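Everything below concerns the one structure shown next.
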Amino acid sequence: MLKEKIMKMVFNHKMERYARMLKLEISRDDKSILLEVLPNGESNPIQITIGHYEILTGEKNGIRISHIRTSRQWMTELIQTLAPEHFIAFENVKLLKLIL
């Protein structure tokens with residue numbers, strides 16, 4: 001629970017210009033993440049499911065996310081077309097491993 005709160009704080013700080021995270025659930029067993037995000041200027045939140053994540057260390061440090069779905073069909077289609085897999089650089093991988 002504390003780990004989710006930390007991730008939520010970090011997300012909300014970095015993304016305050018675009019959206020606010022309302023809910024975060026991390027499944028460490030199947031390496032998936034469920035988010036509920038309220039985009040700025042919108043009245044209805046968006047559900048985002050990251051079907052798989054993988055923490056990478058070595059030459060590239062960060063997290064690779066894939067199998068992304070949203071509660072908005074057009075958004076899911078756009079993601080699947082433009083970026084079905086995405087890498088997010090994260091310098092402090094030890095912290096990332098603790099959280100995820």
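Scan the stretch 36-59 for residues that are in contact with a Phe, Trp or Tyr (Cβ under 8 Å, 6 or more places away or on another chain) and either loosely packed, with under 12 Cβ neighbours inside 10 Å or assigned to a loop (DSSP other than H, G, I, E, B) (or both) and the total you get is 1.
What about Gly41, is it more than 21 Å from Ile6 (Cα to Cα), out of contact with any Gly (no Cβ under 6 Å at 6 or more places or on another chain) and of a type outside the set (Phe, Trp, Tyr)? Against the criterion (more than 21 Å from Ile6 (Cα to Cα), out of contact with any Gly (no Cβ under 6 Å at 6 or more places or on another chain) and of a type outside the set (Phe, Trp, Tyr)), Gly41 qualifies.
Checking each residue in the stretch 1-40 for being of a type in the set (S, T, N, Q) and over 13 Å from the mean Cα position of the chain (by Cα) picks out only Asn40.
Considering Ile46, Ile88, Ile55, the condition of being touching a Pro at 6+ places or on another chain (Cβ under 8 Å) and touching a residue at least 24 places away in the same chain (Cβ under 8 Å) is satisfied by Ile46 alone. Answer yes or no as to whether Ile26 is in contact (Cβ under 8 Å) with a residue 40 or more places away in the chain, of a type outside the set (Ser, Thr, Tyr) and either part of a strand (DSSP E or B) or within 15 Å of Ser71 (Cα to Cα) (or both). Judged against the criteria, Ile26 is a match.
Please enumerate the residues belonging to the stretch 60-100 that are assigned to a loop (DSSP other than H, G, I, E, B) and either hydroxyl-bearing (Ser, Thr, Tyr) or modelled with pLDDT of 95 or more (or both). Correct list: Ser71, Arg72. Looking at the stretch 1-18, is at least one residue assigned to a strand (DSSP E or B) and either among the β-branched types (Val, Ile, Thr) or surrounded by 12 or more Cβ atoms within 10 Å (Cβ to Cβ) (or both)? There is no residue in the stretch 1-18 that is assigned to a strand (DSSP E or B) and either among the β-branched types (Val, Ile, Thr) or surrounded by 12 or more Cβ atoms within 10 Å (Cβ to Cβ) (or both). The lone criterion from (1) at negative phi; (2) modelled with pLDDT under 90; (3) in contact with a strand residue (DSSP E or B) (Cβ under 8 Å, 6 or more places away or on another chain) left unmet by His13 is number (3).
Put simply, of Gln73, Gln80 the only residue that is surrounded by 12 or more Cβ atoms within 10 Å (Cβ to Cβ) and either among the polar types (S, T, N, Q) or closer than 15 Å to Phe11 by Cα (or both) is Gln80.
The values are calculated or read from the model by the stated rules, or taken from the named source; none is laboratory data. Since the model is a prediction, treat every value here as computed from it, not as a measurement. Positions of Cβ are generated from backbone atoms using ideal geometry, with glycine treated the same way; all protein chains shown enter the neighbour counts.
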